[in-house]
Amino acid sequence: MIIKRLGLVEYEPALEAMRVFTAGRGDDTPDEIWLLEHPPVYTLGQAGLPEHLLRNDAGIPLVKIDRGGQITYHGPGQLVVYLLLDLHRRRLKVRELVSLMEQAIIDTLAEYGLNAVRKDGAPGVYIDGAKVAALGLRVRNGCSYHGLSLNVDMDLTPFSWINPCGYEGLKTVQLRDFGVIETVAGAGERLLGHLDRLLPPPVSPAADAPAMSAAP
């Protein structure tokens, strides 16, 4: 596994880099996890409805992308984690990966004394019914990209201008709202530890090859 701590990165170049990496990887390409932040941007998933952008007082760019899900917001002070994984090599199905990502976030938040939960039919992680983390994935040729975002210490105002993830009136929260003083980098390292613990190890491509019997 290769870990990249990229800092503040414009959204569209990061998206293109994920696509290029995924398209060019082979059976032996190591998986990567990218930790970063984005300048203010709205992203709209494949089946996303533009009407979920209610207003845009700050003129924040809207980018239509190839992950699942509806509209969400990224901005400074939010941890973004991209998981570029060979799911076949790790014996993972997409739903298993989603559940694993949610559990890693829940376990991370527990370290801060926060009780976070899943919500049936609404991927992500919630505290008292308010969303603190969002998920969105794309899988191509058995390999994932995109990932998750966790609100750490940011301006949440742009969330009030959308129906977050397509849910009208959904409240969005962050760690700071609960008295947690943490940096994006610090939250990233904690979350990374839980992802590393929960992800099954990759299986060598050679392990999938049929055994050859000796000639009589």
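A short reminder: the numbers here are calculations on the coordinates, not readings from a lab. On a predicted model such as this, the values are computed, not experimentally measured, just so you know. Here the Cβ positions follow ideal geometry from the backbone for every residue, glycine too, while neighbour counts run over all protein chains shown.
Numerical summary
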quantity: Mean projection area, nm², convex hull over Cα of the stretch 36-81; calculated: 3.3 nm²
quantity: Gained length - S99 relative to T183, 0.36 nm times residue gap less alpha-carbon distance; calculated: 27.7 nm
quantity: Listed pairs K4/K119; K64/K131; K119/K171 exceeding 24 Å between Cα atoms; calculated: K4/K119
quantity: Label-point separation, D155 to E51 (7 Å along Cα→Cβ), nm; calculated: 2.9 nm
quantity: Sites R25 and R118 - FRET efficiency at Förster radius 30 Å, r taken between beta-carbons, to 0.05; calculated: 0.50
quantity: Helix 184-198 axis, angle to the chain major axis (alpha carbon atoms, nearest 10°); calculated: 40 degrees
quantity: Cα coordinate range in the stretch 67-216, projected on the principal axes (Å, largest first); calculated: 73, 29, 26
quantity: Taking the stretch 1-94 and dividing mean pair separation by its residue count, relative contact order in percent (alpha carbons under 8 Å, at least six apart); calculated: 33 percent
